[in-house]
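Report on one structure; see the data block that follows.
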Amino acid sequence: MIEITYFMQRVIAGILFVLAAPLIGGLLEGIDRKISARMQGRKGPSILQPFYDVAKLVKKQLLAVNNLQLLLVTSYFLFMVFTGALFFSGCDILMCFFAMSTASMFLLLASTSTHSPYSTMGSHRELIQIMSYEPMVLLTAVGFYLASDSFKVYEIVQSDRPTILFAPGFFLGFVFILTIKFRKSPFDLSTSHHAHQEVVKGVTTEMVGLQYALTELAEWYENVFLLGVVGLFFVSSNPWSYLAAVIAIAVVYFIEILIDNVSARVKWQLMLKMAWGMTLITGGLNLFILDLIR
Amino acid sequence: MHADILLITGGINSQNEAVVKQIYSQMPDPKVVVAVGTCACTGGIFKECYNIKGGVDTTIPVDIYVPGCAARPESIIDGVVKAIALFQQKHEDYLAYKKAKKKGQQAEFGKTAQKEKVV
């Protein structure tokens with residue numbers, strides 16, 4: 001009986017994510033745009049502006065370069081929703097990261113299927129970005145395993161002490177690659193949220209109307225999932241730890257916005273070196289120490 | 001990348017004609033075109049040149065004309081404000097058009113340009 005109710009709880013958490021993540025993701029982007037504008041001395045749009053934008057995009061004419069692109073963009077969206085639903089229903093975190101990589105692959109394929117020079121260039125850069133952050137993403141899963149002896153999210157949240165106590169290095173490394181995942185300066189190589197970047201719009205160059213709305217929505221789902229992983233570092237069996245997780249998420253998100261506004265884009269060589277160096281120093285060192293004391 | 005309103009600031013010649021046409025066709029409906037400056041409106045002093053076709057409306061339908069050489073900032077702002085109002089109106093027209101199409105009725109959209117002038 002207890003087993004069944006617990007299973008139901010997990011299913012409900014997954015469904016709640018699917019319903020609430022676009023709202024939270026959209027609000028986060030609205031807040032991001034507002035804070036960024038204030039940092040640059042502008043007034044900035046309303047916090048609800050991302051929702052207006054997506055609503056407008058959905059209602060516009062459906063223009064796809066080819067049918068394949070439409071299928072791939074839809075797959076990107078569905079896999080991103082799937083990734084988050086897996087995570088919030090407490091499944092295997094390794095599985096979540098693999099599903100996320102699959103989703104990124106679909107975005108890449110959608111971008112290359114158009115044969116446009118700008119989106120091809122964007123996809124080359126997106127590949128390099130994936131290469132830069134993927135080692136740290138996998139190491140993060142290892143960090144969770146070493147700290148709580150399980151890859152399962154529902155077992156990690158029931159551990160006596162939060163993961164951050166054992167894996168501060170993994171946490172730092174993960175926050176570092178979040179800048180790449182959120183497409184923030186200085187690592188917004190493949191596509192950017194700012195209009196002034198040189199490669200027009202990178203991977204999303206050839207996406208308009210409904211397709212662009214889907215990529216935006218997928219990004220909101222992805223952001224909520226990634227911030228969920230940040231929160232997972234702080235969650236333990238103590239109910240107060242959830243408050244700590246929310247505060248940590250807010251702080252990390254603010255730091256990402258700050259970094260976005262005070263740094264200029266770097267070349268891909270430097271990004272790769274920095275990301276791998278950071279992975280080796282933070283993740284590697286933490287892994288080494290955990291291995292010694294265990 | 002996505003565009004709703006297209007601002008063009010120069011005349012049409014045989015080199016850029018295809019480019020302008022392509023950009024216009026890449027924008028999903030509903031869309032608004034604003035021609036900024038005398039060159040974009042009519043071809044201006046280059047009108048008689050052998051390679052110039054004329055204003056932007058020789059190639060794609062123009063909704064709002066902002067004259068002036070150079071166009072004053074105030075009139076450009078005025079043109080953009082008018083374009084936003086027109087975009088909202090076109091948006092509603094487009095939704096009505098899609099509804100009618102769904103019901104199988106005869107409907108037309110985007111066949112005529114607004115041809116409004118900012119003074």
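Laboratory data are not the source of any read-out in this text; all were calculated from the coordinates shown. Keep in mind that what you see is a predicted model, and the values were worked out from it rather than measured. Virtual Cβ from ideal backbone geometry, glycine too; neighbours counted across all protein chains shown.
Using only Cα positions of chain B, each an equal point scatterer, no hydration layer, compute I(q)/I(0) via Debye at q = 0.11, 0.22 Å⁻¹ and quote the log10 values to two decimals. These q points yield log10 I(q)/I(0) values of -0.39, -1.21. Full extension of the chain between A:L127 and A:L172 yields a length gain of 13.9 nm, computed as 0.36 nm times the residue separation minus the alpha carbon distance. Using the Cα coordinates of region A:213-294, the gyration tensor eigenvalues translate into equivalent-ellipsoid semi-axes of 25, 23, 13 Å, sorted from longest to shortest.
Among the trypsin sites (Lys or Arg not before Pro) within region B:3-98, those in coil by DSSP and having at most 14 neighbouring Cβ atoms inside 10 Å are B:K47. For B:V33, the residues whose modelled amide H falls within less than 5 Å of its own, excluding neighbours fewer than 5 places apart on the same chain, are B:L6, B:D63, B:I64. So which residue, out of B:G11, B:G68, B:G55, gets the largest mean-square fluctuation from a GNM of chain B using Cα contacts under 10 Å as springs? Result: B:G68 has the largest fluctuation of those listed.
Only DSSP H runs of four or more residues enter the estimate; each adds -39500 (n - 2.57), and after division by the residues of chain A the mean residue ellipticity at 222 nm equals -24000 deg cm²/dmol. Taking other C-beta atoms within 10 Å as the exposure proxy, A:S111, A:S190, A:S36 rank A:S36, A:S190, A:S111 from fewest upward. Database remark: amide H of A:K152 closer than 5 angstrom to the amide H of A:I93 (H placed geometrically; neighbours at sequence offset of 5 or more, or on other chains; Pro and chain starts carry no H). Modelled label positions at A:M8 and A:K273, each set 7 Å beyond Cα in the direction of Cβ, lie 5.8 nm from each other. Derived value for the protein assembly as shown: Kirkwood hydrodynamic radius 23.8 Å. Basis is the mean of 1/r over every pair of different alpha-carbon atoms.
Among A:L258, A:L243, A:L227, whose mean-square fluctuation peaks in a Gaussian network model of chain A (Cα, cutoff 10 Å)? In the Gaussian network model the winner is A:L243. To the nearest 10 degrees, how steeply does helix B:17-26 sit against the main Cα axis of chain B, on a 0 to 90 scale? Roughly 30 degrees between the two axes. Are there GluC sites (Glu not before Pro) in region B:1-91 that DSSP marks as loop and that have at most 13 other Cβ atoms within 10 Å, and which are they? Counting only loop positions with at most 13 other Cβ atoms within 10 Å, the GluC sites (Glu not before Pro) in region B:1-91 are B:E48.
For region A:219-291, the list of trypsin sites (Lys or Arg not before Pro) that fall in a loop by DSSP and count at most 11 other C-beta atoms within 10 angstrom reads A:K267. A P(r) calculated from all alpha carbon pairs of region A:74-202, with 5 Å bins opening at zero, reads 2, 11, 17, 20, 19, 13, 9, 6, 3, 1, 0 percent. Enter the angle in degrees (range 0 to 90, nearest 10) between the Cα long axis of helix A:2-39 and the first principal axis of the Cα atoms of chain A, meaning the one along which they spread out most. In chain A, helix A:2-39 runs at an angle near 50 degrees to the longest axis. Of the cross-linked pairs A:K184/B:K82; A:K43/A:K273; B:K31/B:K53; A:K34/A:K181; A:K181/B:K101; A:K152/A:K181, those separated by over 31 Å at the C-alpha level are A:K184/B:K82; A:K43/A:K273; A:K181/B:K101.
In order along region A:101-118, phi translates into HN-Hα couplings of 5, 4, 4, 4, 4, 5, 4, 4, 5, 4, 6, 6, 5, 8, 6, 7, x, 5 Hz, rounded to whole numbers, per the Karplus curve 6.51 cos²θ - 1.76 cosθ + 1.60 with θ = phi - 60° and x for Gly and Pro. Counting only DSSP H runs of at least 4 residues, each contributing -39500 (n - 2.57), and dividing by the residue count of chain B, the helix-based mean residue ellipticity at 222 nm comes to -12500 deg cm²/dmol.
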